[in-house]
Amino acid sequence: MMWFASLVLAMLVAAPVTVRDIDGRSWSPLAPAGRDLNVVFFVSADCPISNHYAPEIQRVCSDYRPRGVHCFAVYPDSGDVENVRQHRKEFRFDSSIPAMTDSDHVLVKAAGPKVTPEVAVYSASGRLYRGRIDDLYVDVGRTRRSPTRRDLRLALDAALGDRPIAVPETEAVGCFLPTP
């Protein structure tokens, strides 16, 4: 009987997390198909650091889309779809980047971000990278003139080139996620 319970538990753990975007479509952002990669950006409409990264998020998605990379924007601090729509309009988010709210922190618990913005990269075998987009922010309120290390792009290039990711986890600087 114990083996059966272990099997059921393993199946539950391995089951992909499926969520709906703000348009009602179902996605499993932490479980890409085949050789594709999914990039999950945890963002907030109310975080200035997160908002500062909106253009770079879109550049990354545009640059890597042709290479089988799919991007998702997750709003863990909002259950308000209209607020998310307004934020996407204000920051001109591309409609090819599905947005989802995560006020119950289903994706937060699965991916482990601590702040917004923070990013996680997934392949069919699991999480490959979690952390900052780049090192522009040294600390809250302290930035460099420009990033010296583009961690997300380095991780994507390594993964797409079938190479190990040199630094699979980094500390992101941003706004702390609220507890649901």
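The listed residues are ASP135, ASP162, ASP104, and the only one of them that is of a type in the set (Asp, Glu) and either in contact (Cβ under 8 Å) with a residue 60 or more places away in the chain or in a strand (DSSP E or B) (or both) turns out to be ASP104. From the list ARG153, ARG149, the one residue that fits, being part of a loop (DSSP other than H, G, I, E, B) and not polar (S, T, N, Q), is ARG149. From the list ALA111, ALA124, the lone residue that is surrounded by 14 or more Cβ atoms within 10 Å (Cβ to Cβ) and under 19 Å from TRP27 (Cα atoms) is ALA111. Candidates are the residues of region 24-43 that are modelled with pLDDT of 95 or more and either among the charged types (D, E, K, R) or touching a Cys at 6+ places or on another chain (Cβ under 6 Å) (or both); the one that is surrounded by the fewest Cβ atoms within 10 Å (Cβ to Cβ) is ARG25. Taking GLN58 as the residue in question, decide whether it is among the polar types (S, T, N, Q), surrounded by 18 or more Cβ atoms within 10 Å (Cβ to Cβ) and on the phi < 0 side of the Ramachandran plot. Yes; evaluated as a whole, the condition is true for this residue. For region 110-132, the tally of residues that are aliphatic (A, V, I, L, M), part of a strand (DSSP E or B) and within 14 Å of PRO76 (Cβ to Cβ) stands at 3.
What are the pairs with Cβ atoms under 8 angstrom where one residue, in region 77-92, is among the hydroxyl-bearing types (Ser, Thr, Tyr) and the other, located anywhere, is part of a helix (DSSP H, G or I) and surrounded by 15 or more Cβ atoms within 10 Å (Cβ to Cβ)? Sequence gap at least six, or different chains. Cβ pairs passing all conditions: SER78/VAL84.
The values are calculated or read from the model by the stated rules, or taken from the named source; none is laboratory data. It should be emphasised that the depicted structure is a prediction, and the values quoted were computed from it without experimental measurement. Heads up, the Cβs are rebuilt from the backbone with ideal geometry, glycines too, and the neighbour counts pull from every protein chain shown.
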